[in-house]
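Below: the structure, in structure tokens.
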Amino acid sequence: MDEVTSTAHRAAAVPPPVRRIVLDDQPTVVTPGANGNGNGNGTRTPAVRFAASDTAARERMRVEELTIAYAGRVAVRDVTLPVRQGEVLSLIGPSGCGKTTLLRSLNRLTELTPTATRGGRIALDGQDVDELDVTLLRRRVAMVFQQPNPFPMSIFDNVAYGLREQGTKRPGKRDLAPRVEEALRRAGLWDEVADDLGRPALRLSGGQQQRLCIARALAVEPEVLLLDEPCSALDPRSTQTIEDLIVRLRAEVAVVIVTHNLQQAFRVADHVAFMYLGELVEYGPAADVFGNPRARRTREYVSGSFG
Amino acid sequence: MPPATAPIAPRRPPAAPAPPPRRAKLLSGLGSWSDRRAELTLGALACAVLVLIGLMVVFVFSKAWPSFWHNGFAWFGGGGDVDRQLDNIYNGPSRPSEYVYKLHAWPLLYGTALTTIAGVVIGLVTALLAAVFIVEFAPSPIRRLLEPVVRLLAAVPSVVYGLIGLLVIIPFVNNHLIGEGRKESVAYVVQLNGSGLIVAIVILSIMITPIMISIIVDALRSVPQGWTEGAAALGVNRWRAMWTISVRSVRPAIVAAAVLATARALGEAIMLSMVSGSRGFAPNPLDGLTFLFEPVRPLAATIVDHSEGLSVTPFAQTLYAFAAVLLVSSILLSLGGWAAKRPLARWSAR
């Protein structure tokens with residue numbers, strides 16, 4: 001009781017740190033070395049090369065000097081990032097910092113927005129994604145959205161949707177059943193829905209719907225899985241299930257997860273990229289970004305003084 | 001410059017509030033109804049509508065009964081010239097015991113079914129494709145032009161369509177599409193003059209398509225973006241996503257649009273009586289292409305065409321029988337629409 005009042009007094013005496021966002025402050029950017037010569041921008045701190053142990057995981061995608069603008073308003077500026085298989089890359093940052101835009105550009109979903117323009121290169125296994133057929137790209141780079149978006153059909157049809165649409169010949173139900181089961185098992189949903197796969201997907205709970213969406217994305221066996229704040233609409237238990245799933249998946253697919261839940265990024269990520277106002281401020285192993293951030297903004301963000 | 005300040009009104013003594021004007025009282029009275037009162041009043045109004053519909057059905061059937069009673073199931077069958085039978089009913093003896101009722105209405109029923117079904121099928125396919133185009137593929141200037149035009153077309157009175165059909169399409173069909181040889185080939189049965197089945201179907205489908213486009217466009221617009229985005233993220237192109245997700249999920253709206261359009265097509269009288277040839281003839285599909293040019297006359301058009309004969313009791317009763325058939329058809333239509341939508345509701349969100 002005493003201590004509480006004294007703490008309250010102290011809190012009243014010393015005002016909390018002012019939440020201040022200095023927009024025109026030159027950011028201190030720490031980016032991974034983009035092929036050695038960086039961005040050629042003299043005002044930036046020298047790019048930090050990664051130790052060899054960091055690159056043990058196989059690089060699947062690479063974003064280079066990516067800039068995306070909506071109707072001329074820049075949402076992502078000059079970002080360079082690798083996406084590796086065998087690890088989870090987490091994009092963190094405050095709302096509106098361009099992390100979702102960056103994620104959506106990885107499988108060219110930004111092209112659905114008519115006003116979006118893009119500069120820079122995105123490569124999948126060394127091949128420029130602009131040279132790939134967009135439908136083929138999206139089959140290799142699957143995406144799970146913030147709001148669970150199961151289609152208005154049965155659970156089975158939801159998971160089988162991608163398989164049916166992607167095959168040149170529509171596979172029969174007998175061929176599909178094992179693949180649907182496998183996808184549902186990988187997404188950790190099988191035990192809950194196995195008794196009735198004909199149930200309408202929209203009658204599932206929110207967490208089940210999101211896992212169904214993950215199963216739908218996994219069914220087509222993508223090489224990269226993009227997750228856009230997959231747990232932001234979910235309860236803690238569903239969140240836990242999905243986070244476990246993400247950690248399990250990373251051996252098979254390269255996982256990129258956008259979150260503005262720092263604790264979540266800390267729990268699941270191997271590498272973390274901190275974005276702020278469209279720029280990549282810091283990229284590095286999760287332990288370094290959270291434990292020993294190099295850029296001032298990252299330090300302020302992970303310590304909670306803004307965001 | 002100091003801001004203009006309104007003088008503050010002196011506080012009125014609370015003793016004598018001025019009575020508000022009557023009109024304001026009436027309106028404010030309506031606004032302050034209790035829920036209970038509103039519920040009862042609205043419930044009574046709804047029940048009044050039900051009672052009205054019930055009375056209408058009873059009235060029409062009681063009037064139509066003699067026509068059905070005298071003919072039995074033959075009423076629905078074919079045989080003889082239905083126009084001549086109608087003339088006989090009209091010109092029959094005026095003593096009630098000698099009323100003539102003999103009628104085989106098949107050509108009229110057949111004509112109704114032909115024009116309605118063909119018009120709705122053509123219209124529905126067109127409307128669906130047009131709606132998909134407007135929602136998903138049209139560049140925005142075209143979309144901005146198309147949508148008001150479609151809504152305008154939906155509001156054009158049917159008699160205007162009938163007039164255009166009569167003055168433009170029928171002469172064109174008569175002069176350019178029906179050759180002399182075709183006219184002679186059926187001259188001993190029926191005379192072809194341009195008006196007929198194909199003109200009726202074409203104009204009917206043009207007439208009912210805009211309302212279907214509007215309904216389907218609105219439904220497609222309300223498909224959650226997450227669904228189309230989700231399909232796109234699975235590597236499905238816009239065309240496939242449209243059919244497998246959007247159109248699939250708006251099936252209830254498509255059924256509703258079809259029911260509405262069918263009801264309008266069933267009840268359409270003036271336009272059809274102007275362009276259908278207005279002859280109680282059953283076009284024969286075995287005639288090949290000539291089939292399309294043969295005249296018909298649906299039930300509703302028959303009622304309009306013969307409404308001057310209502311003073312003759314058996315004739316009026318015959319027309320009531322037509323009305324009864326239309327009434328039953330629209331009731332069955334509503335039930336059919338309901339039955340078609342019911343299994344689809346299973347997939348929607350709660």
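Does segment A:133-266 classify as rounded, prolate or oblate by the C-alpha gyration tensor (a ≥ b ≥ c root eigenvalues; a/c under 1.5 gives rounded; else a/b over b/c gives prolate, otherwise oblate)?
On the way: a/c = 1.85, a/b = 1.28, b/c = 1.45.
It comes out oblate by the Cα gyration axes.
Please average, across the residues of A:149-161, the number of beta carbons from any other chain that are within 10 Å of each residue's own beta carbon, and give a whole number.
Working: counts 9, 4, 13, 13, 6, 2, 0, 0, 3, 1, 0, 0, 6.
Averaged over the peptide's residues, the number is 4.
Across every pair of different alpha-carbon atoms, what Kirkwood hydrodynamic radius in Å does the protein assembly as shown reach?
Numbers: mean 1/r = 0.0319 Å⁻¹.
With all distinct Cα pairs of the protein assembly as shown included, I get 31.4 Å.
Mind pulling the angle between the C-alpha long axis of helix B:313-345 and the longest principal axis of chain B? Nearest 10 degrees, somewhere in 0 to 90.
In chain B, helix B:313-345 runs at an angle near 50 degrees to the longest axis.
At q = 0.09, 0.11, 0.13 Å⁻¹, work out log10 I(q)/I(0) for segment B:116-297 with the Debye formula, treating every Cα as an identical point scatterer and leaving solvent out; two decimals please.
Log-scaled intensity ratios, in q order: -0.41, -0.57, -0.73.
Between B:Leu45, B:Leu333, B:Leu177, where does the largest GNM mean-square fluctuation fall for chain B, given springs only between Cα atoms within less than 10 Å?
Answer for the Gaussian network model of chain B: B:Leu45.
If the viscosity is 0.692 mPa s and the temperature 37 °C, what Stokes-Einstein diffusion coefficient in µm²/s follows for segment A:22-302 when Rh is the Kirkwood radius over Cα pairs?
Numbers: Rh = 19.4 Å.
This corresponds to a translational diffusion coefficient of 169 µm²/s.
In chain B, once you exclude exposed chymotrypsin sites (Phe, Trp or Tyr not before Pro) (DSSP loop, at most 14 other Cβ within 10 angstrom), what's the longest stretch remaining? Please report the intermediate quantities before stating the final value.
Values: sites that count: B:Trp33, B:Tyr188.
In chain B, the maximal stretch lacking such sites is B:189-350.
Rounded to whole Å and ordered largest first, report the semi-axes of the equivalent ellipsoid of chain B derived from its Cα gyration tensor (root of 5λ). Can you show the working numbers first?
Values: eigenvalues 452, 229, 93 Å².
Whole-Å semi-axes of the equivalent ellipsoid: 48, 34, 22.
Expected output is a single nm value to one decimal: the length gained when fully extending between A:Asp125 and A:Glu111, i.e. 0.36 nm times separation in residues minus the C-alpha distance. What is it? Each step should come with its number before you reach the end.
On the way: separation 14, 0.36 × 14 = 5.04 nm, distance 2.09 nm.
My answer for the length gained is 3.0 nm.
Only sites in a loop by DSSP and with at most 12 other Cβ atoms within 10 Å count here; which trypsin sites (Lys or Arg not before Pro) in segment A:181-229 make the cut? Mind showing how you got there, number by number?
Values: sites: A:Arg185, A:Arg186, A:Arg203, A:Arg211, A:Arg216; in loops: none.
Hits after loop and neighbour filter: nothing returned.
Have a look at the DSSP beta bridges in the protein assembly as shown and tell me what percent are antiparallel, nearest 5.
On the way: 26 of 47 bridges.
Close to 55 percent.
With springs connecting C-alpha atoms under 10 Å apart, model chain B as a Gaussian network and identify which of B:Val150, B:Val236, B:Val173 has the largest mean-square fluctuation.
B:Val236
May I ask you to sort A:Cys231, A:Cys213, B:Cys47 by Cβ crowding, counting other Cβ atoms within 10 Å and putting the fewest first?
Details: A:Cys231 23, A:Cys213 28, B:Cys47 10.
Ascending Cβ contact count within 10 Å gives the list B:Cys47, A:Cys231, A:Cys213.
Provide the percentage of antiparallel DSSP beta bridges, counting only those with both residues in segment A:22-302; round to the nearest 5.
On the way: 26 of 46 bridges.
Percentage antiparallel, nearest 5: 55.
Return the equivalent ellipsoid semi-axes of segment B:258-350 as a descending list in whole Å, where each equals the square root of 5 times an eigenvalue of the C-alpha gyration tensor.
Working: eigenvalues 196, 84, 22 Å².
Result for segment B:258-350: semi-axes of 31, 21, 11 Å.
Rounded to whole Å and sorted largest first, what semi-axes of the equivalent ellipsoid does the C-alpha gyration tensor of segment B:58-200 yield via the square root of 5 times each eigenvalue?
Values: eigenvalues 328, 109, 40 Å².
Result for segment B:58-200: semi-axes of 40, 23, 14 Å.
Per-residue mean of other chain beta-carbon atoms within 10 angstrom of the beta-carbon, peptide A:112-119? Could the numbers behind the result be given before it?
Values: counts 6, 0, 1, 0, 0, 0, 0, 0.
Partner-chain Cβ atoms within 10 Å, mean over residues of A:112-119: 1.
Going highest first, how would you order B:197-205, A:174-182, A:113-121, A:145-153 by mean Cβ packing within 10 Å? Write down the numbers at each step before the final one.
Values: B:197-205: 24.6, A:174-182: 15.1, A:113-121: 13.6, A:145-153: 22.3.
In descending order of packing, they fall as B:197-205, A:145-153, A:174-182, A:113-121.
Roughly how many nanometres apart are two label points built 7 Å out from the Cα toward the Cβ at B:Leu45 and B:Ser307?
The answer from the label model is 2.9 nm.
Label-point separation (nm) for B:Phe137 and A:Ala251, each offset 7 Å from Cα along Cα-to-Cβ?
Distance between the two pseudo-spin positions: 4.7 nm.
For A:Glu65 paired with A:Arg237, estimate the spin-label separation in nm (one decimal), with each label point 7 Å from Cα along the Cα-to-Cβ line.
5.2 nm
Mind ranking A:82-89, A:165-172 by how tightly packed they are, going by the mean number of other C-beta atoms within 10 angstrom, highest first?
Details: A:82-89: 21.6, A:165-172: 11.5.
Highest-to-lowest ranking by the protection proxy: A:82-89, A:165-172.
Read the figures in this text as sums done on the coordinates, not as results from a lab. Owing to the predicted nature of the structure, the values given are computational and were not obtained by experimental measurement. All Cβ positions, glycine included, derive from the backbone under ideal geometry; neighbour counts span all protein chains shown.
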